[in-house]
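Have a look at the structure below before the remarks.
The values are calculated or read from the model by the stated rules, or taken from the named source; none is laboratory data. Keep in mind it's a predicted model, so treat the numbers as computed, not measured. So basically every Cβ, Gly included, is an ideal-geometry build from the backbone, and we count neighbours across all protein chains shown.
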Amino acid sequence: DVKVTQSSRYLVKRTGEKVFLECVQDMDHENMFWYRQDPGLGLRLIYFSYDVKMKEKGDIPEGYSVSREKKERFSLILESASTNQTSMYLCASHRVTNYGYTFGSGTRLTVV
Amino acid sequence: QKEVEQNSGPLSVPEGAIASLNCTYSDRVSQSFFWYRQYSGKSPELIMSIYSNGDKEDGRFTAQLNKASQYVSLLIRDSQPSDSATYLCAVNMVSGGSNYKLTFGKGTLLTVNP
């Protein structure tokens with residue numbers, strides 16, 4: 001079965017901390033994505049990557065960066081966490097252009 | 001701005017009824033369309049995909065696509081309380097050359113009442 005694994009289900013961090021959210025997929029997918037999901041705002045794309053060491057900004061990249069050193073791993077970095085980054089973070093991947101994404105189980109991040 | 005629009009709901013139907021969920025999209029060249037189900041506190045799960053005009057059936061679910069009207073819908077027959085969830089419509093939008101990414105609607109909350 002296809003798997004996208006996010007390292008943490010729940011995370012609590014302090015304001016100003018550097019936060020790493022990890023995502024690993026075992027499907028040899030080229031494309032990987034990071035979203036955040038907030039009530040009433042839907043899924044918003046933060047960053048995505050079409051290949052190793054490649055990254056592109058999504059709709060809301062401010063305050064975030066990403067790293068993709070290996071094909072299977074796509075990391076989201078909050079350089080200096082702020083309370084407005086409290087959210088559900090979802091990683092997704094896909095391979096063939098006409099198939100939908102597979103999502104990880106999500107990380108609910110709370111910044112206090 | 002390329003968009004995908006859905007009624008936010010909530011859509012409330014009695015158990016055993018047909019639930020009809022609708023979605024419109026702005027990008028005429030879109031070729032791939034998806035429906036995701038998301039239970040509260042969980043991540044989205046792909047339940048249907050459709051690529052050509054007409055109907056596609058899978059069990060109690062039917063996806064309908066009309067590219068001329070830029071409209072896609074999901075019908076759930078014999079609705080069950082376990083179908084209560086938010087349903088997300090997603091459409092591929094070309095992004096930079098041959099790559100593409102999905103654009104999601106904000107979702108419709110469906111409640112099936114026993």
Check your understanding: Can you name the residue in the range B:21-44 that is without any contact (Cβ under 8 Å) to a residue 40 or more places away in the chain and surrounded by 14 or more Cβ atoms within 10 Å (Cβ to Cβ) and, of all such residues, is nearest to the other protein chains (Cβ to nearest Cβ)?
Key -> B:43
Exercise for review: Enumerate the pairs (first residue in the range B:50-68 and free of Cβ contacts under 8 Å to residues at least 60 places away in the same chain and part of a strand (DSSP E or B); second residue anywhere and polar (S, T, N, Q) and exposed (fewer than 11 other Cβ atoms within 10 Å of the Cβ)) with beta-carbon separation below 9 Å, excluding pairs fewer than 6 apart on the same chain, so at least 6 apart or on different chains.
Suggested key: B:65/B:52
Review point. Where residues in the range A:34-53 are surrounded by 13 or more Cβ atoms within 10 Å (Cβ to Cβ) and assigned to a loop (DSSP other than H, G, I, E, B), which of them is farthest from the other protein chains (Cβ to nearest Cβ)?
Key: A:52
Exercise for review: Would you point out which residue out of B:112, B:72 is away from chain A (no Cβ under 11 Å), in contact with an Asp or Glu (Cβ under 6 Å, 6 or more places away or on another chain) and either part of a strand (DSSP E or B) or surrounded by 15 or more Cβ atoms within 10 Å (Cβ to Cβ) (or both)?
Suggested key: B:112
Revision key, fill the gap. In the range B:6-19, anything surrounded by 14 or more Cβ atoms within 10 Å (Cβ to Cβ) and not in a loop (DSSP other than H, G, I, E, B) is listed as B:6, B:11, B:13, B:19
Practice item. Among the numbered conditions (1) under 28 Å from residue B:52 (Cβ atoms); (2) not in a strand (DSSP E or B), tell me where residue A:93 comes up short. Key: (2)
Practice item. Go through (1) more than 11 Å from chain A (Cβ to nearest Cβ); (2) surrounded by 18 or more Cβ atoms within 10 Å (Cβ to Cβ); (3) among the basic types (Lys, Arg) and name the single condition residue B:60 misses. Key: (2)
Study note, to complete from the structure: When (1) within 14 Å of chain A (Cβ to nearest Cβ); (2) at pLDDT 95 or above; (3) not in a strand (DSSP E or B) are applied to residue B:82, the one that fails is (1)
**Study point:** Members of the range A:70-87 found to be in contact with a Ser or Thr (Cβ under 7 Å, 6 or more places away or on another chain) and part of a strand (DSSP E or B), listed by number
**Key:** A:74, A:75, A:77
